[in-house]
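First the structure, in the form of structure tokens, and then the observations on it.
The values are calculated or read from the model by the stated rules, or taken from the named source; none is laboratory data. This one's a predicted model, so the numbers in the text were calculated from it and none came from an experiment. No Cβ is skipped: glycine too gets one built from the backbone with ideal geometry, and neighbour counts run over all protein chains shown. Keep in mind that these areas ignore ligands, DNA and RNA; they rest on the heavy atoms of the full protein, side chains included. Shrake-Rupley method; radii C 1.70, N 1.55, O 1.52, S 1.80 Å.
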Amino acid sequence: MCGIIGYLGIELCRVILLSGLEQLQNRGYDSAGISLLTNKINIKKYASTKSGNAISKLKENIEVNSNNGIAHTRWATHGKKNDINSHPHISYDGKISVVHNGIIENYMVLKKFLKGEGIEFKSETDTEVIPHLIAYHLQETGDIITSLKKTFYMLEG
Ligand code: GLU
């Protein structure tokens, strides 16, 4: 088991998200990461190693001030435990970042479709299809709600 926390409000959320991750850590995790929104999406993500656990590494390396963010603890199912496979994952155009717990059962078909559209993947995870699909639909429709619906209809699992 692992977890997700998000914050949108008036407080600086770096500390809130880190504290949320600390509360989630007793559910078990092998990696952790945070996206913070400023004028762009700022991502830091780490897998735990012998030299330090992922949440401690995040604490040492997050400096961005933002009041809008998401954070994640991962328990790898698809792709090994490393920094690149850690969440959040980001879309090819840098506009959508996603954290996800669970499994996308049909990710191979979706990955093949997206690669056919010229979209490059950075990680080995099933999750990475999600931000790319949302961005792909957003580019076509210009509407985030429609893009989310179109994406969710495509996902199995
Ligand atoms: N299937 C995803 C991965 O391997 C999410 C695993 C989880 O639930 O943390 O990255």
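How compact is region 1-154 by the rule of thumb for globular proteins, expressed as Cα Rg over 2.2 N^0.38 Å? Working shown, then result.
Details: Rg = 15.2 Å, N = 154, 2.2 N^0.38 = 14.9 Å.
This ratio for region 1-154 stands at 1.02.
How much length, in nm to one decimal, is gained on full extension between residue 39 and residue 11, taken as 0.36 nm per residue of separation minus their Cα-Cα distance? Present the calculation step by step, with values, prior to reporting the outcome.
Values: separation 28, 0.36 × 28 = 10.08 nm, distance 1.70 nm.
Net length gain for the segment: 8.4 nm.
Using a 1.4 Å probe over the heavy atoms of the protein chains, calculate the carbon and sulfur portion of the accessible area of the chain as a whole percent. Before the final figure, lay out each step's value.
Values: 4560 of 8530 Å².
Carbon and sulfur together cover 53 percent of it.
Rounded to two decimals, what is Rg over Rh for region 27-87 when you use alpha-carbon atoms and the Kirkwood radius? Present the calculation step by step, with values, prior to reporting the outcome.
Numbers: Rg = 11.6 Å, Rh = 11.8 Å.
Reported Rg/Rh (Cα atoms, Kirkwood Rh): 0.98.
Considering the options 113, 84, 139, tell which one lies farthest towards the positive end of the dipole of the chain, charges being +1 on Lys and Arg and -1 on Asp and Glu at the Cβ, about the Cα centre.
Farthest towards the positive pole: 84.
With a/c under 1.5 counting as rounded, go ahead and sort region 54-111 into rounded, prolate or oblate using the C-alpha gyration tensor (a ≥ b ≥ c being the square roots of the eigenvalues; past the cut-off, prolate if a/b is larger than b/c, else oblate). Spell out each step's value before the answer.
Numbers: a/c = 2.35, a/b = 1.47, b/c = 1.59.
Note, shape of region 54-111 comes out oblate.
If r is the Cβ-Cβ distance from residue 84 to residue 19 and R0 is 22 Å, what FRET efficiency results, to the nearest 0.05?
Working: r = 26 Å, r/R0 = 1.17.
For R0 = 22 Å, the calculated efficiency reads 0.30.
Relative to the longest principal axis of the chain, what angle (0 to 90°, nearest 10) does the C-alpha long axis of helix 129-141 take?
50
Could you sort out which of 44/115; 50/149; 44/112; 122/150; 59/149; 40/80 sit more than 31 Å apart by Cα distance in this structure? The partial results should precede the final answer.
On the way: 44/115 25 Å; 50/149 41 Å; 44/112 27 Å; 122/150 23 Å; 59/149 34 Å; 40/80 28 Å.
Long pairs (Cα-Cα over 31 Å): 50/149; 59/149.
What is the angle, in °, between the Cα long axis of helix 13-24 and the longest principal axis of the Cα atoms in the chain? Nearest 10 is fine, range 0 to 90.
Approximately 80 degrees, to the nearest 10.
Using the Karplus curve 6.51 cos²θ - 1.76 cosθ + 1.60 with θ = phi - 60°, work out ³J(HN,Hα) for each residue of region 88-95 in order, rounded to whole Hz, and write x for Gly and Pro.
Once rounded to whole Hz, the list reads x, 9, 10, 6, 4, 9, x, 9.
Test of understanding: in a Gaussian network model of the chain with alpha carbons linked when under 10 Å, which of 144, 55, 96 would top the mean-square fluctuation ranking?
Among 144, 55, 96, the largest mean-square fluctuation in the Gaussian network model of the chain belongs to 144.
Using unit Cβ charges (K, R positive; D, E negative) and no other charged atoms, how large, in debye to the nearest 20, is the dipole of the chain about its Cα centre? Please list the in-between numbers first.
Working: 18 positive and 16 negative charges, 65 e Å.
Charge dipole, the chain, about its Cα centre: 320 debye, nearest 20.
When Lys and Arg each count +1 and Asp and Glu each count -1, what net charge do the other residues less than 9 Å away from residue 121, Cβ to Cβ, add up to? Each step should come with its number before you reach the end.
Values: positive: 111, 115, 122; negative: 120, 124, 128.
Combined, the nearby Lys, Arg, Asp and Glu give 0.
May I ask you to give the solvent-accessible area per residue for the chain, in square angstrom, as obtained with a 1.4 angstrom probe? Write out the running numbers ahead of the final one.
Numbers: 8530 Å² over 157 residues.
Roughly 54 Å² per residue, with all protein chains present.
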